[in-house]
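To start, the structure itself, in C-alpha cells.
The values are calculated or read from the model by the stated rules, or taken from the named source; none is laboratory data. If you're wondering where the values come from, they're calculated on a predicted model, not measured in any experiment. Glycine also receives a Cβ, built like all others from the backbone with ideal geometry; neighbour counts cover every protein chain displayed. To get the accessible areas, we keep the full protein, side chains included, count just its heavy atoms, and leave off ligands, DNA and RNA. Shrake-Rupley method; radii C 1.70, N 1.55, O 1.52, S 1.80 Å.
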Amino acid sequence: PPPRETLEPTIAPPLSNIQGSSVHLFKVIMNLISNAAEAMSDGGRLTISTKNQYIDQPIRGYDEVQNGDYVLLEVSDTGTGISPEDLPRLFEPFFTKKIMGRSGTGLGMAVVWGTVNDHKGYIDVESVSGKGTTMNLYFPVTSKTMAENKEDFPVESYLGNGESILIVDDLEKQREIASKILSQLN
C-alpha cells in the first residue's frame, strides 16, 4: 500500500490580521508543506496550526526580537528531520539534499526566509533527525483592517485568442496542470 500522510490543521479563530502579500505567503505555506511531505516518504503526520502569540523574549537564532503581537504559523511533520550539520545551511539559496531534477531546486527555503524577512517576521526551526521538524513562523500583527475583496472578473475576461505558450517545469504533473488550465482558457 502507498505511504499515508495525515494532515491535521488547527486554525485558531479569531486570528489577528497581518499585512503582506497573499501570493508570497501562499508560496511559503506550499514550500513548507511540500518539504514536510517529502520528509515523510514512508508516511507520517503533518500538522499546520495558527494562533495569536505575544513575544517578549528572543527567538532562537535572533539577537533582537521586537516585542509585540504576532500571528504564529506552525508547520510540523514526523518525517526524517534535518541533521544538525544541515540545519545552519537550511535557508541558503541552492542548498538542497534533494536529487536535482526530481524534487526542487534548493530555492524553496530561501523563498521562505526572504518572505518572512520581508514581512518583518521571524523563523524558529526545531528538528530532530529521524523524528521530524517544526517550523514556527512569526508574522507581526497589524491594526489595519483587511482590504475589501475586489470585484471578481468573469472567466471570459481571462480567455486567450489561441496563442501558443511554452510550459517549462521539471515536474511532469505541474506541466500537465498548467497545460489543462491554459487549454481551458484557449
When residues of the stretch 122-148 are limited to those that are within 24 Å of ALA37 (Cα to Cα) and not in a strand (DSSP E or B), the one most open to solvent (accessible area, probe 1.4 Å)
LYS131
Can you pull out every residue in the stretch 166-179 that is surrounded by fewer than 11 Cβ atoms within 10 Å (Cβ to Cβ) and in a loop (DSSP other than H, G, I, E, B)?
LEU166, VAL168
Being open to solvent by 40 Å² or more (accessible area, probe 1.4 Å) and part of a loop (DSSP other than H, G, I, E, B) is the filter here; which residues of the stretch 22-59 pass it?
SER41, ASP42, ASP56, GLN57, PRO58
